[in-house]
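Written below as structure tokens is the structure these notes are about.
The values are calculated or read from the model by the stated rules, or taken from the named source; none is laboratory data. What you see is a predicted model; the values in this text were computed from it and never measured. Cβ: placed from backbone, ideal geometry, glycine included. Neighbour counts: every protein chain shown.
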Amino acid sequence: MSTTGVALGLLALVLAVTAIVLATIANRRWAAGPRRGAAAAASPERAEERAALRTLEEGLAALRGQVDELGGRVDEVRDRADALARAVESAGEDPTALRHLALVWYDAFADVGGRLSYSVALLDDTRSGIVLTTLAGKADVRTYVRTISVGQAEGTLTAEEQQAIEAAGRDA
């Protein structure tokens with residue numbers, strides 16, 4: 001549960017308790033029946049009840065203000081979340097976004113082990129993109145980039161590059 005939800009729940013609880021106290025005071029007044037005369041209105045019990053009622057009403061007004069403020073913040077957070085969701089949805093509509101990826105590790109040279117070489121394919125929804133290959137030897141490391149257009153490369157591909165393109169293209 002979010003912090004805002006907890007705060008709203010606590011405010012609702014305080015408002016409910018305040019309503020119960022106000023109802024209890026009103027019930028006491030009704031049960032006591034009408035009192036006549038200035039002496040009854042000026043009784044210490046009535047003065048205490050009126051003071052307690054004023055305090056509760058002031059507290060209730062303050063709580064309503066806080067609830068309104070929190071409600072505005074909740075609306076602001078909802079608006080931000082909706083904007084983020086729209087941005088994510090609209091990002092998913094771009095067919096040229098490179099979102100399909102596959103990585104193949106292998107030993108490019110017989111004298112170098114440890115599968116340090118790799119080919120990575122980055123493709124969009126049309127199976128176009130790049131394949132990046134890094135070959136690790138004993139003395140040096142070389143990196144090559146080839147463009148891919150609708151699943152086909154400009155030049156000859158290695159078996160590992162082709163494997164990476166096929167793996168990335170499966171979910172395209």
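Miscellaneous remarks
- Checking each residue in region 151-172 for being farther than 21 Å from ASP94 by Cβ, loosely packed, with under 15 Cβ neighbours inside 10 Å and not aliphatic (A, V, I, L, M) picks out GLN152, GLU154, GLY155, THR156, GLU166.
- Scan of region 151-166 for residues that are under 10 Å from LEU123 (Cβ atoms) and not in a loop (DSSP other than H, G, I, E, B), ordered by number: ALA164, ILE165
- Residues being of a type in the set (Gly, Ala, Ser) and modelled with pLDDT under 75 - total across region 47-95: 9
- Selection of region 126-150 for residues being in a loop (DSSP other than H, G, I, E, B) and surrounded by 15 or more Cβ atoms within 10 Å (Cβ to Cβ) yields ARG127, SER128.
- Residues that are closer than 24 Å to GLN152 by Cα and of a type outside the set (A, V, I, L, M) within region 108-130 comprise SER117, TYR118, SER119, ASP124, ASP125, THR126, ARG127, SER128, GLY129, listed in sequence order.
- Residue pairs meeting the criteria (Cβ under 9 Å; at least 6 apart or on separate chains; first touching a residue at least 60 places away in the same chain (Cβ under 8 Å) and loosely packed, with under 15 Cβ neighbours inside 10 Å, in region 98-111; second assigned to a strand (DSSP E or B) and of a type in the set (A, V, I, L, M)): LEU101/VAL120; LEU101/ALA121; LEU101/LEU122; LEU101/LEU123; LEU103/VAL120; LEU103/ALA121
- Residues that are of a type in the set (Phe, Trp, Tyr) and in a loop (DSSP other than H, G, I, E, B), drawn from region 105-125: PHE109
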